[in-house]
Amino acid sequence: MEKIYSVFFILLVGTLFVNLQISNAKKTHRSAIPPIFIFGDSTADVGTNSFLPTSKIRADFPHNGIDFPNANPTGRFSNGYNSADFLSKLMGHRRSPQPYLYFLKTGLNNKMFRGVDFASGASGLLDVTGKDLNIVSMSEQIKQFGSVCSIMAYLKGQDVAKNVLKKSMIAISVGSNDIFGYFESRSTVNPAVFINSLMTAYESHINALYNLGARKFGIISVAPIGCCPSQRIHNATGGCLEIENTFAQAFYSSLDALLKKLSCELSGMKYALGNSYEMTINVINNPQLFSK
Ligand SMILES: *[C@@H]1O[C@H](CO)[C@@H](O)[C@H](O)[C@H]1NC(C)=O
């Protein structure tokens, strides 16, 4: 399901990023490009799970990567680049930075100062999401980021590390798998209470990142996940599963309110929230507007 979802996400939201990118072709000097640190699930994973021998959720085999340079299956849950890549390209990078587990294997080095991708397919805001799938939870991703911060401070000193973090983009794309989990487990928790529990988790993740020195957040909300093929099979007409789309919309509104609150509380915090529900539902409902 994870795989199907990410292909869907890439095809639709990816198209929008590509279009944006064409109109943003200006080149920036390398050192002027802000570093990017990426967190979340398969929508932003650029190979993390391929480094986990026991992970059940992986994409390091064809036809993943069929449209990637050299048709290379890189572990991305995608036919080609994914949202982590498109976002990085928009900022002037060649593509997403390498996964943290890649650096861990090949040696932590100065390249980390340009960014690291911690995202892991099947993870969610809640530690329980993906727990049995041997993936890297959001809490664990933030711990890994903490070690990167310490190493940067060790290599270049506290002040340099602090300044690097201050100008860095912290990109987060997560939440879908928590909502899938709610429905898969046939949870009886009240929907509003459930969405609130996701916001409590999001708040503690952002606080943890802020306390490590992160200041600029680029956050992507949950797409219309009820329209994934894996969910549509539960609708007799083949239409989208409306209840899951309602959750995705509630997730966006709650996150919007949470980020407004946090940016008042946390001095120097800046953020942008991408409404991936609106972006994607428009493509689903008006495909002809987006065909080339
Ligand atoms: C199934 O899809 C149709 C649109 O084709 C929609 O009107 C209906 O609400 C959906 N049913 C469920 C259970 O989501």
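The values are calculated or read from the model by the stated rules, or taken from the named source; none is laboratory data. As the structure is a prediction and not an experimental result, all values here were calculated from the model. Here the Cβ is made from the backbone with ideal geometry for all residues, glycine too, and neighbour counts use every protein chain on show.
Results, tabulated for the structure shown:
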item: Some residue of segment 53-76 being at pLDDT below 95, loosely packed, with under 15 Cβ neighbours inside 10 Å and touching a helix residue (DSSP H, G or I) at 6+ places or on another chain (Cβ under 7 Å); result: yes
item: Only one of SER150, SER230, SER187, SER168 that is loosely packed, with under 13 Cβ neighbours inside 10 Å and touching a Phe, Trp or Tyr at 6+ places or on another chain (Cβ under 8 Å); result: SER187
item: Scan of segment 105-126 for residues that are in a helix (DSSP H, G or I) and without any contact (Cβ under 8 Å) to a residue 12 or more places away in the chain, ordered by number; result: THR106
item: Pick from segment 127-163, criterion of a type in the set (Gly, Ala, Ser) and part of a loop (DSSP other than H, G, I, E, B), ranking: farthest from the chain's Cα centre (by Cα); result: GLY157
item: One residue from ALA223, ALA171 being modelled with pLDDT of 95 or more, touching a helix residue (DSSP H, G or I) at 6+ places or on another chain (Cβ under 7 Å) and in a strand (DSSP E or B); result: ALA171
item: Those residues of segment 77-92 which are surrounded by fewer than 21 Cβ atoms within 10 Å (Cβ to Cβ) and in a loop (DSSP other than H, G, I, E, B), in sequence order; result: ASN79, GLY80, MET91, GLY92
item: Any hit, segment 279-289, residues being within 16 Å of the ligand (Cβ to nearest atom), within 29 Å of HIS205 (Cα to Cα) and either in contact (Cβ under 8 Å) with a residue 24 or more places away in the chain or surrounded by 13 or more Cβ atoms within 10 Å (Cβ to Cβ) (or both); result: yes
item: Which numbered condition GLY274 misses (of (1) in contact with a Leu (Cβ under 8 Å, 6 or more places away or on another chain); (2) small (Gly, Ala, Ser); (3) away from the ligand (no atom under 16 Å from the Cβ)); result: (1)
item: HIS234, sole failed condition from (1) away from the ligand (no atom under 16 Å from the Cβ); (2) outside any helix (DSSP H, G or I); (3) not β-branched (Val, Ile, Thr); result: (1)
item: Tally of residues being surrounded by 14 or more Cβ atoms within 10 Å (Cβ to Cβ) and out of contact with any Ser or Thr (no Cβ under 8 Å at 6 or more places or on another chain) across segment 257-269; result: 5
item: Residue in segment 249-267 that is within 14 Å of the ligand (Cβ to nearest atom), modelled with pLDDT of 95 or more, within 21 Å of PHE180 (Cβ to Cβ) and in a loop (DSSP other than H, G, I, E, B) present; result: no
item: Residue among ALA248, ALA272, ALA236 that alone is touching a residue at least 24 places away in the same chain (Cβ under 8 Å) and surrounded by fewer than 18 Cβ atoms within 10 Å (Cβ to Cβ); result: ALA272
item: Single match in LYS143, LYS89 (criterion: free of Cβ contacts under 8 Å to residues at least 12 places away in the same chain and not small (Gly, Ala, Ser)); result: LYS143
